[in-house]
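Trainee: Take a look at this one; I'll ask things after.
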Amino acid sequence: AQKITQTQPGMFVQEKEAVTLDCTYDTSDPSYGLFWYKQPSSGEMIFLIYQGSYDQQNATEGRYSLNFQKARKSANLVISASQLGDSAMYFCAMRALPNAGGTSYGKLTFGQGTILTVHP
Amino acid sequence: NAGVTQTPKFRILKIGQSMTLQCTQDMNHNYMYWYRQDPGMGLKLIYYSVGAGITDKGEVPNGYNVSRSTTEDFPLRLELAAPSQTSVYFCASTASVYNEQFFGPGTRLTVL
């Protein structure tokens with residue numbers, strides 16, 4: 001079974017500053033993928049960034065980067081130069097990846113989310 | 001390109017009523033999923049499908065049914081609605097287990 005833990009119910013950051021949103025995970029799967037999604041107040045789910053468990057480098061997408069520490073089972077999201085439009089709920093999620101002899105159907109397990117508020 | 005569409009956007013049901021939440025994707029994705037999001041919580045998987053004619057239960061399937069007669073459509077059926085099914089329902093799809101899932105806009109359901 002997989003479990004995602006996001007320990008920060010809410011975070012505040014000043015505009016133009018960087019912020020780190022924490023995510024720890026637990027899984028027995030040898031191969032897995034980690035995702036971050038953004039959910040603004042309008043409700044839609046927006047994909048931000050992906051990290052595979054065997055990727056050698058931390059993933060980056062524009063102002064988003066994923067600080068992946070496999071030994072600590074953490075996959076923190078770093079948002080640089082925060083903008084007012086970054087205010088939203090952020091979800092960390094994971095899924096198992098296929099391995100030799102195994103099956104995977106891409107099912108996502110989500111954390112409870114962190115509400116980020118960006119102050120001007 | 002519409003992506004994943006869901007209808008209706010909002011619905012209020014009385015206890016014991018039934019309804020079908022519609023989900024359609026135009027990306028020719030084999031994998032489709034239904035999640036529910038309770039207030040202040042993350043998403044939980046209800047049902048999923050790996051292709052037309054193939055469906056399976058997720059984490060919280062009780063009170064729901066699905067079908068997948070075509071690649072494009074993956075309707076979710078609620079039988080005998082209960083207040084515990086008040087939630088926001090998201091449909092998602094992906095081309096493969098290595099890709100991100102694309103989500104629909106969600107359906108907000110209230111059962112009174």
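Read-outs throughout are calculated quantities, based only on the coordinates presented, and are distinct from any laboratory measurement. Computed from a predicted model, the values in this text were never measured in an experiment. A quick note on method: Cβ atoms are made from the backbone with ideal geometry, for glycine too, and the neighbour counts reach across all protein chains shown.
Trainee: In a shell of Cβ-Cβ distance under 13 Å around A:Ala81, excluding A:Ala81 itself, what net charge do Lys and Arg (+1) and Asp and Glu (-1) give?
Mentor: Local charge sum for A:Ala81: -1.
Trainee: Give me the count of lysine pairs in chain A whose alpha carbons sit under 24 angstrom apart, restricted to pairs 8 or more positions apart or on different chains.
Mentor: Counting lysine pairs in chain A gives 10.
Trainee: A further question on this structure: Would you mind computing, in nm to one decimal, how far apart the modelled labels at A:Ser74 and B:Asn62 are, each placed 7 Å from Cα along Cα→Cβ?
Mentor: 3.7
Trainee: On a straight-distance basis, which lysines could pair with B:Lys14 in a cross-link, Cα separation under 30 angstrom, same-chain partners fewer than 8 positions away excluded?
Mentor: Here the lysines satisfying the reach criterion relative to B:Lys14 are B:Lys44, B:Lys57.
Trainee: Per-residue mean of other chain beta-carbon atoms within 10 angstrom of the beta-carbon, peptide B:92-105? Before the final figure, lay out each step's value.
Mentor: Working: counts 3, 1, 4, 1, 3, 10, 8, 4, 10, 9, 2, 7, 2, 4.
The shielding value for this peptide is 5.
Trainee: Follow-up. Work out, in µm²/s and without decimals, the Stokes-Einstein translational diffusion coefficient of region A:12-63 at 4 °C, 1.567 mPa s, Rh from Kirkwood over C-alpha pairs.
Mentor: Estimated via Stokes-Einstein, D reaches 96 µm²/s.
Trainee: A further question on this structure: Quick query: amide H of A:Ser31 versus all other amide H atoms, modeled in the peptide plane; which residues come in under 5 Å with a sequence gap of 5 or more or a different chain?
Mentor: Amide H neighbours of A:Ser31, under 5 Å, 5+ apart: A:Leu97.
Trainee: Can you pull the semi-axes for chain A, root of five times each eigenvalue of the Cα gyration tensor, sorted largest first, whole Å?
Mentor: Gyration-tensor ellipsoid for chain A: 26, 14, 12 Å.
Trainee: Express in whole angstrom the spacing between the alpha-carbon centres of region B:82-112 and region B:1-68.
Mentor: Answer, in whole Å: 5.
Trainee: If I model a spin label as a point 7 Å beyond the Cα along the Cα-Cβ vector, how far apart are those points for B:Asn99 and A:Asp26 in nm?
Mentor: According to this spin-label approximation, the distance is 3.4 nm.
Trainee: For the protein assembly as shown, treating each Cα as an identical point scatterer without solvent, what Debye log10 I(q)/I(0) comes out at q = 0.07, 0.15, 0.18 1/Å?
Mentor: Debye intensities relative to I(0), on a log10 scale: -0.23, -1.02, -1.37.
Trainee: Quick one: net charge around A:Gly43, please, counting Lys, Arg +1 and Asp, Glu -1 for every other residue with C-beta under 15 Å from its C-beta.
Mentor: Value of the local net charge: +3.
Trainee: Please list the non-local residues whose amide H lies under 5 Å from the amide H of B:Arg68, H modeled 1.01 Å from N, same-chain partners needing a gap of 5 or more.
Mentor: Under 5 Å from the amide H of B:Arg68 lie the amide H atoms of B:Gly53, each far enough along the sequence or on another chain.
Trainee: I've got another one for you. Per the Cauchy relation, a quarter of the hull surface: what is the mean projected area of the convex hull of the alpha carbons in chain B, in nm²? All intermediate terms of the calculation are to be shown ahead of the outcome.
Mentor: Numbers: hull surface 25.8 nm².
It is 6.4 nm².
Trainee: May I ask you to compute the full-extension gain from A:Thr60 to A:Ala1, defined as 0.36 nm times their residue separation minus their alpha-carbon distance, rounded to one decimal in nm?
Mentor: 18.5 nm
Trainee: Moving on. Quick check on region B:1-58: what does the Kirkwood estimate of hydrodynamic radius come out to from the alpha carbon pairs, in Å?
Mentor: Hydrodynamic radius (Kirkwood, Cα only) of region B:1-58 equals 13.4 Å.
Trainee: By average Cβ neighbour count within 10 Å, what is the ranking of B:51-58, B:83-90 from highest down?
Mentor: Details: B:51-58: 13.9, B:83-90: 18.4.
Result, highest mean first: B:83-90, B:51-58.
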